[in-house]
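**Q** The following block contains the structure, expressed as structure tokens.
The values are calculated or read from the model by the stated rules, or taken from the named source; none is laboratory data. Remember, predicted model here, so these are calculated numbers, not experimental data. Glycine also receives a Cβ, built like all others from the backbone with ideal geometry; neighbour counts cover every protein chain displayed.
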Amino acid sequence: MTKVITYGTFDLFHEGHYRLLQRAKQLGDYLIVGVTTEEYDQTRGKLNVVDSLITRIENVRKSGFADEVIIESSEGQKLLDIRKYQIDIFTVGSDWTGVFDYLKDYCRVVYLDRTKNISSTMLRSQEQRICRIGIVGSGRIAGRFVPEAKLVSGVNVEAVFNPHRDSAERFARKWETDFYEDMESFYAAVDAVYIAAPHETHYNYIRSALEHGKHVICEKPMVLKRQQAEELFAFAKERSLVLFEGVKTAYCPGFSRLLGIACSGMIGSIRNVEACFTKLENPQSRELTDVRYGGSFTELGSYVMLPIFKLFGSQFEDVRFDMIKDENGIDLFTKAHFRYANGMGTATCGLGVKAEGRLMISGTKGYIIVEAPWWKTTYFEVHYENPGEVEKFSDRFLGDGLRYEVSDFLSMINGNSKSEFKLTRGESMAMAEVMERFLKEDGRG
Ligand code: CTP
């Protein structure tokens, strides 16, 4: 019996896929088809696969050519599969010619002619109109967003708004966008808005963007009062618009993997979470001079609250704050202590005090440690009572990481809510509530 294997994403199953599988099957007696996982596609830079893994597998099955469907989840798997299944022929389309010649030592390699004028990429761009994004604010964070958004197919950053013309103009020149000082014309030019203006302006900008029928992705902290978050989410829902808080860690693949492992029972029941993030800031910066909304907690608190809410839920019993302040009353270093029925969490952040910046998750059987920068999770370790027993995990984190949240934002706009669990409305609302309590306790409420 001649065994044949082929691999692919098979997104938006099309004629090219059908013909490839048909000819692959004709090469032998038994055809195995490897379908890629979402995580693997993400690491390969395919961020916008539309169909879920289940749908893609179903479509391959329905073609009637596959005798067996397997999942391809990592680089280097092909060789292992060839040995494991005793494959005689490896085949893929001619767009891969040469790439898999290294497998010739193990089996025959056949490149089949690719069907012309059709591809998943083409169908994806026809299916979803390009989403035109406009940026509110033209500072440092806005500048980081543009090169990342460029890597996500289906979005285009077209415009920037800033009431200060000079700044908007400079930004527009650098990033080749249009610029607007007038909000109405700005909204008319875009489908969605990324808000990267100072924290206290977020509420009004979000409200007005939603009123103009625009989807919104807003930098953290989205708002500084729980009631505002509730109102804005309800308003977005009423208008069928996406309102999305950009806490980038929540969307990065390594962090999702970390949460999966933490909740898998490997370290038993989770009892304590300590998250720390410090970033020494220039004393002249907005973050350390704005006595009303500046300081460590408003700037970094969202990051350090995230793992606590993800692991214990957003219904904490109590939260208490400790701070070290400068002479203007700005918090240079802050700890928020959360109390839950079955555990506790500490969220530590600093702009004027340096600490190790690690995330530690302690359970009844072991603990997980993620060194800085855990907020761009790439590597973590699971430890147990026996110090010799350590399990290590690593994942990829590309560039500045904003591409992951942009990609999830776009899939939510396109009606695919599969990413909503990564940062729920409830979690965003709880973050706003903690910000509100913090500012009140600090006498800034
Ligand atoms: N294929 C083909 N003819 C096409 C498109 C794909 O023969 N017009 C083949 C590929 O060469 C590969 C298999 O189908 O062997 C699965 O390819 P996949 O990457 O899933 O499809 P594409 O349409 O090429 O996807 P994308 O545009 O995302 O790269």
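**Q** Just need a number here: residues in the stretch 324-334 that are buried (at least 19 other Cβ atoms within 10 Å of the Cβ) and assigned to a strand (DSSP E or B). Give the derivation first.
**A** Of the residues in the stretch 324-334, the ones buried (at least 19 other Cβ atoms within 10 Å of the Cβ) are 330-334.
The next check asks that each one be assigned to a strand (DSSP E or B); those that pass are 331-334.
So the answer is 4.
**Q** Could I ask something else about it? Among the residues of the stretch 210-220, is any in contact with a Leu (Cβ under 7 Å, 6 or more places away or on another chain) and part of a helix (DSSP H, G or I)?
**A** So far as the stretch 210-220 goes, yes, one or more of its residues are in contact with a Leu (Cβ under 7 Å, 6 or more places away or on another chain) and part of a helix (DSSP H, G or I).
**Q** If I ask for residues that are of a type in the set (Val, Ile, Thr), touching a residue at least 40 places away in the same chain (Cβ under 8 Å), surrounded by 24 or more Cβ atoms within 10 Å (Cβ to Cβ) and in contact with a strand residue (DSSP E or B) (Cβ under 7 Å, 6 or more places away or on another chain), which ones from the stretch 278-312 would you list?
**A** Val304
**Q** Still on this model: Restricting attention to the stretch 63-98, report how many residues are within 20 Å of Asp11 (Cβ to Cβ), without any contact (Cβ under 8 Å) to a residue 40 or more places away in the chain and either near the ligand (Cβ under 10 Å from one of its atoms) or not small (Gly, Ala, Ser) (or both). So that I can check it myself, show each step before the final result.
**A** Keep residues of the stretch 63-98 that are within 20 Å of Asp11 (Cβ to Cβ), which gives 63-66, 69-75, 77-78, 91-96.
Still in the running and without any contact (Cβ under 8 Å) to a residue 40 or more places away in the chain: 64, 69-71, 73-75, 94-96.
Filter again for either near the ligand (Cβ under 10 Å from one of its atoms) or not small (Gly, Ala, Ser) (or both), leaving 69-71, 75, 94-96.
Residues flagged as within 20 Å of Asp11 (Cβ to Cβ), without any contact (Cβ under 8 Å) to a residue 40 or more places away in the chain and either near the ligand (Cβ under 10 Å from one of its atoms) or not small (Gly, Ala, Ser) (or both) within the stretch 63-98 amount to 7.
**Q** Additional query: Filter the stretch 176-204 down to the residues that are surrounded by fewer than 19 Cβ atoms within 10 Å (Cβ to Cβ) and in a helix (DSSP H, G or I) and list them by number. Spell out how you get there, then give the answer.
**A** Our first condition is that a residue be surrounded by fewer than 19 Cβ atoms within 10 Å (Cβ to Cβ); within the stretch 176-204, this holds for 176, 178, 181-185, 188-189, 191, 198, 200-201, 204.
Listed by number, the residues that qualify are Met183, Glu184, Ser185, Ala188, Glu200, Thr201, Asn204.
**Q** Scan (1) within 13 Å of the ligand (Cβ to nearest atom); (2) under 29 Å from Pro253 (Cβ atoms); (3) surrounded by 18 or more Cβ atoms within 10 Å (Cβ to Cβ) for the single condition His14 breaks and write down its number.
**A** (3)
**Q** Cβ-Cβ below 7 Å, separation at least six or inter-chain, first residue in the stretch 99-128 and over 20 Å from Thr2 (Cβ atoms) and within 12 Å of the ligand (Cβ to nearest atom), second of a type in the set (Asp, Glu) and not in a helix (DSSP H, G or I): which pairs?
**A** Taking only residues 6 or more apart or on different chains, the pairs are Ser120/Asp11.
**Q** Evaluate the following for Ser167: is it among the polar types (S, T, N, Q) and within 26 Å of Gly295 (Cα to Cα)? Walk me through it before giving the result.
**A** On the way: among the polar types (S, T, N, Q): yes; within 26 Å of Gly295 (Cα to Cα): yes.
Taking the combined requirement at face value, the residue satisfies it.
**Q** In addition: Which residues, taken from the stretch 36-76, are of a type in the set (A, V, I, L, M, F, W, C) and part of a strand (DSSP E or B)? Explain how you work it out, then say what you get.
**A** Just the residues of the stretch 36-76 that are of a type in the set (A, V, I, L, M, F, W, C), to begin with: 47, 49-50, 53-54, 57, 60, 65-66, 69-71.
Scanning the stretch 36-76 gives Val69, Ile70, Ile71.
**Q** Here are some residues: Arg129, Arg124. Which one is loosely packed, with under 15 Cβ neighbours inside 10 Å and not hydrophobic (A, V, I, L, M, F, W, C)? Lay out the reasoning, then the answer.
**A** Numbers: Arg124 fails: loosely packed, with under 15 Cβ neighbours inside 10 Å.
Only one candidate qualifies: Arg129.
Okay, residues lined up against (1) modelled with pLDDT under 95; (2) assigned to a helix (DSSP H, G or I):
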| position | (1), (2) |
| --- | --- |
| Ile82 | no, yes |
| Val109 | no, no |
| Ser153 | yes, no |
| Ala159 | no, no |
| Asp166 | yes, yes |
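**Q** Same structure again: Quick one: Ile32 ticks every box in (1) more than 12 Å from the ligand (Cβ to nearest atom); (2) in a helix (DSSP H, G or I) except a single one, so which number is it?
**A** Ile32 satisfies every listed condition except (2).
**Q** Mind listing whichever residues of the stretch 407-437 are farther than 30 Å from Arg292 by Cβ and either touching a residue at least 12 places away in the same chain (Cβ under 8 Å) or buried (at least 20 other Cβ atoms within 10 Å of the Cβ) (or both)? Spell out the reasoning first.
**A** Going through the stretch 407-437, the residues farther than 30 Å from Arg292 by Cβ turn out to be 407-408, 410-422.
Selection gives Ser407, Asp408, Leu410, Ser411, Met412, Ile413, Asn414, Asn416, Lys418, Ser419, Lys422.
**Q** Further question: Determine whether the stretch 139-155 contains at least one residue that is under 30 Å from Thr2 (Cα atoms) and near the ligand (Cβ under 10 Å from one of its atoms).
**A** Of the stretch 139-155, the ones under 30 Å from Thr2 (Cα atoms) are none.
The answer is no; no qualifying residue exists.
**Q** Going by the conditions given, is Leu259 surrounded by fewer than 24 Cβ atoms within 10 Å (Cβ to Cβ), part of a loop (DSSP other than H, G, I, E, B), within 20 Å of the chain's Cα centre (by Cα) and not hydroxyl-bearing (Ser, Thr, Tyr)?
**A** Values: surrounded by fewer than 24 Cβ atoms within 10 Å (Cβ to Cβ): yes; part of a loop (DSSP other than H, G, I, E, B): no; within 20 Å of the chain's Cα centre (by Cα): yes; not hydroxyl-bearing (Ser, Thr, Tyr): yes.
Criteria not met by Leu259.
**Q** If you don't mind, there's one more thing I want to ask. What number of residues within the stretch 394-406 satisfy the criterion of being acidic (Asp, Glu), at pLDDT below 90 and either part of a helix (DSSP H, G or I) or buried (at least 18 other Cβ atoms within 10 Å of the Cβ) (or both)?
**A** 1
**Q** Picking from Thr43, Thr6, which residue would you name as being out of contact with any strand residue (DSSP E or B) (no Cβ under 7 Å at 6 or more places or on another chain) and among the β-branched types (Val, Ile, Thr)?
**A** Answer to the selection: Thr43.
**Q** Go over the candidates Ala275, Ala347, Ala372, Ala341 one by one and state the one that is over 21 Å from Ala250 (Cβ atoms) and either surrounded by fewer than 18 Cβ atoms within 10 Å (Cβ to Cβ) or within 28 Å of the chain's Cα centre (by Cα) (or both). Even if it seems obvious, please write down each step before you answer.
**A** Values: Ala275 fails: over 21 Å from Ala250 (Cβ atoms); Ala347 fails: over 21 Å from Ala250 (Cβ atoms); Ala372 fails: over 21 Å from Ala250 (Cβ atoms).
Matching residue, one of Ala275, Ala347, Ala372, Ala341: Ala341.
**Q** Are there any pairs, at least 6 apart or on different chains, whose C-beta atoms fall under 6 Å, with the first in the stretch 385-402 and under 23 Å from Lys248 (Cα atoms) and the second modelled with pLDDT under 95 and small (Gly, Ala, Ser), and if so, which?
**A** These pairs meet every condition: Asp395/Gly254; Phe397/Gly254.
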